[in-house]
Number of protein chains: 2
Amino acid sequence: MPFLGVGLGLLILTGSSCFVLGAFYEHCDFLRNLHELIQEDPYAFYIREKLYATLQLFNPNCLHRMPDSCSRMSEIMKYGFPGLDDIRVYSDFVLSYDRRNRVAHWVYEHLRAPCVKADGTNINRKECWYQPDMSVPSNFRANLTDYKNSGFDRGHLAAAGNHKCHQTHCNETFYLTNIAPQVGKGFNHDAWNQLEIYVRELTESYGSVYVCTGPLYKPKRQLVGIATYSEHTRPTDEKWCVEYEVIGENTVAVPTHFFKVILVESKMSGGHPYMEAYIMPNAPIGKNINIRNFLADIREIEHIAGLQFFNGIRRSFFFGTNYSTTPEIYNNFQ
Amino acid sequence: MPFLGVGLGLLILTGSSCFVLGAFYEHCDFLRNLHELIQEDPYAFYIREKLYATLQLFNPNCLHRMPDSCSRMSEIMKYGFPGLDDIRVYSDFVLSYDRRNRVAHWVYEHLRAPCVKADGTNINRKECWYQPDMSVPSNFRANLTDYKNSGFDRGHLAAAGNHKCHQTHCNETFYLTNIAPQVGKGFNHDAWNQLEIYVRELTESYGSVYVCTGPLYKPKRQLVGIATYSEHTRPTDEKWCVEYEVIGENTVAVPTHFFKVILVESKMSGGHPYMEAYIMPNAPIGKNINIRNFLADIREIEHIAGLQFFNGIRRSFFFGTNYSTTPEIYNNFQ
């Protein structure tokens with residue numbers, strides 16, 4: 001009889017421990033698949049907290065087994081998505097595509113010192129050519145013919161010079177999803193180029209810089225009586241309008257302005273990041289004008305573009321959110 | 001000795017079966033959680049195929065245990081999402097919010113005959129009032145003050161008259177996320193209202209109708225020399241521009257046009273749905289003009305709005321994609 005009791009006890013012990021083991025195995029197997037999906041798909045990545053919460057029966061300790069599977073996408077999007085419209089992941093940058101305007105809403109880059117250096121790389125810019133991204137449905141796709149004879153440059157949002165570590169990275173910046181119509185002389189060749197160089201200098205100094213670049217369609221004041229709603233009686237004699245040109249058969253929008261939001265990570269362990277933002281008009285800018293004159297409040301960009309930067313992180317976390325236009329601000333930052 | 005052998009066999013059998021049982025239990029538990037999440041969250045719903053694919057070790061037969069948990073959201077979005085920007089789920093309609101313009105990109109409704117009937121319901125429209133949706137971040141939110149003295153109506157995208165089954169359904173159509181600035185006389189009170197009545201008549205006749213409504217910002221031809229890029233030399237003497245007014249402190253966009261895409265499900269089992277689309281200018285329209293004059297090609301709406309309707313379903317699946325403007329088209333449809 002005691003022999004039977006021990007046997008029964010052993011049976012129950014084996015059964016229950018194997019049950020737990022089986023559950024744990026299945027749990028870890030699913031977690032691995034889920035983790036892979038989250039690393040691959042931007043929307044799964046976006047709802048990752050909710051997805052992991054579906055697994056709360058066991059505490060996911062097996063997660064620690066996969067530290068090396070963190071993708072470049074999740075690195076670039078570390079500070080959150082400014083918006084969620086049609087997100088497209090490239091090898092070294094991530095963008096949200098505006099299907100209505102055939103120009104990106106925003107392009108996010110994570111710059112590191114070795115990949116922005118002017119020399120010492122084998123990247124041949126002559127091997128890069130402008131091309132439409134065929135993964136965009138044809139009726140939302142900008143084509144080369146749209147830009148031809150438009151009078152506008154094919155201006156990079158993620159600058160080609162920021163992606164010198166691999167030929168593919170550089171090539172991909174030439175997809176028309178990363179391109180917007182820009183005024184050439186006085187803007188793309190000049191002030192905008194200076195801003196891009198400044199970002200690369202910051203990267204060389206501090207090592208890790210996040211940049212978000214995009215177009216703006218800024219409202220401006222107009223007199224009443226010259227536009228669409230002229231038959232309407234109004235209490236004021238002025239109104240605000242958004243007005244921008246569209247070029248080519250695919251009606252690619254010509255932004256009125258462009259913005260850059262720059263976040264510099266501190267070299268000090270636990271140090272707060274430093275942030276600044278720029279708005280530049282898509283128009284010829286005098287050569288003697290310092291780019292720091294275009295420093296802007298990040299909230300203005302958010303309001304005009306309908307984007308939200310660094311969601312989940314309180315603004316007080318950053319250096320430089322409320323700045324003057326003096327160049328000394330970021331001298332206190334290490 | 002044979003006793004020990006039997007015991008060992010029993011132990012192995014119990015262990016392995018309990019292992020499988022444990023794995024299966026954890027699998028089903030997770031599947032239930034995942035299924036709940038997919039029913040609640042639009043992005044999880046969007047990537048549901050990929051999410052279920054993470055579970056491919058066992059075949060998900062336990063899925064059949066939960067047939068009643070299908071949410072209204074997945075019913076409304078049966079024919080796919082036209083776009084993915086900031087999707088918001090209400091109790092009887094789903095919309096995608098345009099944070100830049102403070103007006104929805106699109107609003108999707110699934111209408112059923114009992115809920116659109118003019119009488120026999122206890123819905124009191126006087127209990128509904130226009131209100132901002134406080135779940136929208138404040139810098140992207142339209143407020144009542146934006147519409148005040150603007151000269152424009154607060155026009156419904158999902159019509160209040162389509163949601164008469166519950167007071168909550170009706171109340172929610174008065175959130176400003178579902179509202180756009182519309183010309184009152186000659187449009188919101190007249191032609192647009194006629195179109196809404198027509199949709200309800202279709203619903204009463206056929207039982208199940210899907211409607212997607214939204215704003216358009218349509219480009220128009222302009223002479224060169226009067227607008228922003230006047231210093232630029234151009235090969236042509238005209239260009240295309242998008243121009244629209246913005247009202248109030250929150251710069252709520254006044255759409256130039258509005259669209260409706262209507263899909264009528266066949267009463268016959270296995271019958272193909274019937275589809276038609278309308279574009280109306282946000283301007284006074286003469287009382288004698290038949291609404292069928294505003295029939296439009298769905299591809300034109302897709303091109304201007306940057307949206308994609310019924311993705312995954314081939315266009316040839318529908319009746320009426322290429323129609324003339326005669327009212328006889330849908331007489332062949334049952």
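The values are calculated or read from the model by the stated rules, or taken from the named source; none is laboratory data. None of the values given here were measured: they were computed from a predicted structure. FYI the Cβ positions are ideal-geometry reconstructions off the backbone, even for glycines, and counts take in every protein chain you see. We work out accessible area using only protein heavy atoms, side chains counted, and drop any ligands, DNA or RNA first. Shrake-Rupley method; radii C 1.70, N 1.55, O 1.52, S 1.80 Å.
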- request: For B:Leu13, work out the one condition from (1) open to solvent by less than 70 Å² (accessible area, probe 1.4 Å); (2) modelled with pLDDT of 85 or more it doesn't fulfil.
  value: (1)
message: Among the residues of the stretch A:271-302, what is the count of those that are of a type in the set (Lys, Arg), assigned to a helix (DSSP H, G or I) and open to solvent by 30 Å² or more (accessible area, probe 1.4 Å)?
response: 1
Odd one out for B:Asp153 among (1) under 23 Å from B:Tyr90 (Cα atoms); (2) of a type in the set (D, E, K, R); (3) more than 14 Å from every other protein chain (Cβ to nearest Cβ): (3)
query: Is there any pair with a first residue in the stretch B:281-299 that is without any contact (Cβ under 8 Å) to a residue 24 or more places away in the chain and a second that is surrounded by fewer than 18 Cβ atoms within 10 Å (Cβ to Cβ) and not β-branched (Val, Ile, Thr) whose Cβ atoms are under 7 Å apart and which are 6 or more apart or on different chains, and what are they?
result: B:Arg299/A:Asn139
task: All but one of (1) modelled with pLDDT of 90 or more; (2) facing chain B (nearest Cβ under 10 Å) hold for A:Ser91, so report the exception by its number.
output: (2)
task: Could you pull out the residue among B:Arg125, B:Arg154, B:Arg141 that is out of contact with any helix residue (DSSP H, G or I) (no Cβ under 7 Å at 6 or more places or on another chain) and touching a residue at least 24 places away in the same chain (Cβ under 8 Å)?
output: B:Arg141
field: Members of the stretch A:137-161 that are farther than 18 Å from B:Trp240 by Cβ and at pLDDT 95 or above
entry: A:Leu144, A:Asp153, A:Arg154, A:Gly155, A:His156, A:Leu157, A:Ala158, A:Ala159
task: Determine if the stretch B:36-51 includes at least one residue that is open to solvent by 30 Å² or more (accessible area, probe 1.4 Å), modelled with pLDDT under 90, more than 8 Å from chain A (Cβ to nearest Cβ) and part of a loop (DSSP other than H, G, I, E, B).
output: no
field: Subset of the stretch B:23-35 [at the interface with chain A (Cβ under 7 Å from one of its Cβ atoms) and open to solvent by less than 50 Å² (accessible area, probe 1.4 Å)]
entry: B:Ala23, B:Glu26, B:His27, B:Asp29, B:Phe30, B:Asn33, B:Leu34
task: Give the residues of the stretch A:129-171 that are in contact with a Leu (Cβ under 8 Å, 6 or more places away or on another chain) and open to solvent by 20 Å² or more (accessible area, probe 1.4 Å), sorted by residue number.
output: A:Tyr130, A:Gln131, A:Pro132, A:Arg141, A:Asn143, A:Leu144, A:Arg154
query: Do any residues in the stretch A:78-93 that are under 14 Å from B:Gly83 (Cα atoms) have Cβ atoms under 7 Å from those of residues that are open to solvent by 20 Å² or more (accessible area, probe 1.4 Å) and outside any loop (DSSP other than H, G, I, E, B), where the two are at least six apart or on different chains, and which pairs are they?
result: A:Gly83/A:His105; A:Leu84/A:Tyr46; A:Asp85/A:His105
